[in-house]
Amino acid sequence: MKPEKQFERDFLRRMDPYPVIDTPRLRLRKVFRADADDLFEATSDPRVTKFEPWGPYDRAETAQMVENIQAQLQSGLCTEWAIERKDDAKVLGLIHLNQVDFFNRSAEVGYWLNRKCWGQGYATECLSALTEYALSTLCMDEIVAVCHPDNQASLRVLEKAAYRYRKTLPAYISLKGTTSDCLQYHITRWDLL
């Protein structure tokens with residue numbers, strides 16, 4: 001068996017049952033249909049979606065997003081976690097691994113949170129936890145993150161979580177009809193040693 005096929009098999013085995021990742025204040029867990037109302041608070045906010053290629057969403061679009069995640073869960077290909085605050089079980093946003101590359105053992109991380117919880121360290125806390133989980137338990141070699149250069153808050157989160165600047169990706173994303181460069185940051189499992 002090719003090494004990348006074995007790694008894919010091991011990765012999928014480690015994702016079943018769907019992992020729950022706990023931090024001091026947060027629980028990263030499977031997304032449920034009942035999360036749609038909490039998520040709508042964020043997906044409908046133009047400030048939350050400013051640097052996303054989607055949104056703002058209405059309730060129906062948010063419900064469809066949750067249904068899409070449910071379909072991915074059923075297929076076994078979901079790497080999307082709800083960010084739940086432990087104190088009140090409120091879902092603050094989502095964090096995910098995508099573009100999983102089994103040959104290079106890498107993935108891209110992305111996240112967004114309800115604006116009401118910005119500036120409280122939640123983004124850094126959940127990013128650090130998922131990064132450590134991906135690099136140690138899922139045995140990934142590298143996690144990358146792509147960020148719009150004007151999204152200074154997210155750039156600070158990446159740096160606090162020990163991600164380092166790698167390169168600028170020219171004309172990488174289309175935001176509301178405008179193509180923009182993005183900055184790529186990364187962290188490797190060797191950075192955790």
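The values are calculated or read from the model by the stated rules, or taken from the named source; none is laboratory data. Please read all numbers here as calculations on a predicted model, not as lab measurements. With ideal geometry, Cβ positions are generated from the backbone for all residues, glycine too; neighbour counts draw on all protein chains shown. These accessible areas exclude ligands, DNA and RNA; they are computed on the full protein's heavy atoms, side chains included. Shrake-Rupley method; radii C 1.70, N 1.55, O 1.52, S 1.80 Å.
Could you check region 65-82 and list, in sequence order, the residues that are among the hydrophobic types (A, V, I, L, M, F, W, C) and either crowded, with 18+ Cβ neighbours inside 10 Å or in a helix (DSSP H, G or I) (or both)?
Matches in region 65-82: M65, V66, I69, A71, L73, C78, W81, A82.
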- Task: Search region 64-77 for residues being of a type in the set (A, V, I, L, M, F, W, C) and in contact with a Lys or Arg (Cβ under 8 Å, 6 or more places away or on another chain), and hand back the single one that is nearest to T43 (Cα to Cα).
- Result: V66
- Consider only pairs whose beta carbons are under 9 Å apart and that are at least six residues apart or on different chains; among these, list those whose first residue lies in region 2-15 and is under 17 Å from N98 (Cβ atoms) and whose second residue is loosely packed, with under 11 Cβ neighbours inside 10 Å and not hydroxyl-bearing (S, T, Y). L12/G76; M15/G76
- If you take the residues of region 85-99 that are closer than 12 Å to E125 by Cβ and surrounded by fewer than 23 Cβ atoms within 10 Å (Cβ to Cβ), which of them is nearest to the chain's Cα centre (by Cα)? R85
- Task: Among the residues of region 71-82, write down those that are under 16 Å from the mean Cα position of the chain (by Cα) and in contact (Cβ under 8 Å) with a residue 24 or more places away in the chain.
- Result: L73, C78, T79, E80, W81, A82
- Task: For T62, state whether it is within 18 Å of the chain's Cα centre (by Cα), closer than 29 Å to S180 by Cβ, assigned to a loop (DSSP other than H, G, I, E, B) and not charged (D, E, K, R).
- Result: no
- Message: Conditions first: (1) in contact (Cβ under 8 Å) with a residue 40 or more places away in the chain; (2) not in a helix (DSSP H, G or I). E41 passes all but one, so which condition is the exception?
- Response: (2)
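Can you tell me how many residues within region 169-193 are in contact with a strand residue (DSSP E or B) (Cβ under 7 Å, 6 or more places away or on another chain), exposed (fewer than 11 other Cβ atoms within 10 Å of the Cβ) and aromatic (F, W, Y)?
Number satisfying all stated conditions: 0.
Does Y111 satisfy the condition of being out of contact with any helix residue (DSSP H, G or I) (no Cβ under 8 Å at 6 or more places or on another chain), modelled with pLDDT of 95 or more and under 30 Å from T178 (Cα atoms)?
Numbers: out of contact with any helix residue (DSSP H, G or I) (no Cβ under 8 Å at 6 or more places or on another chain): no; modelled with pLDDT of 95 or more: yes; under 30 Å from T178 (Cα atoms): yes.
No, not satisfied.
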- Message: Quick check on my filter: what residues within region 19-37 are open to solvent by less than 40 Å² (accessible area, probe 1.4 Å) and in contact (Cβ under 8 Å) with a residue 40 or more places away in the chain?
- Response: P19, I21, T23, L26, L28, R29, V31, D35
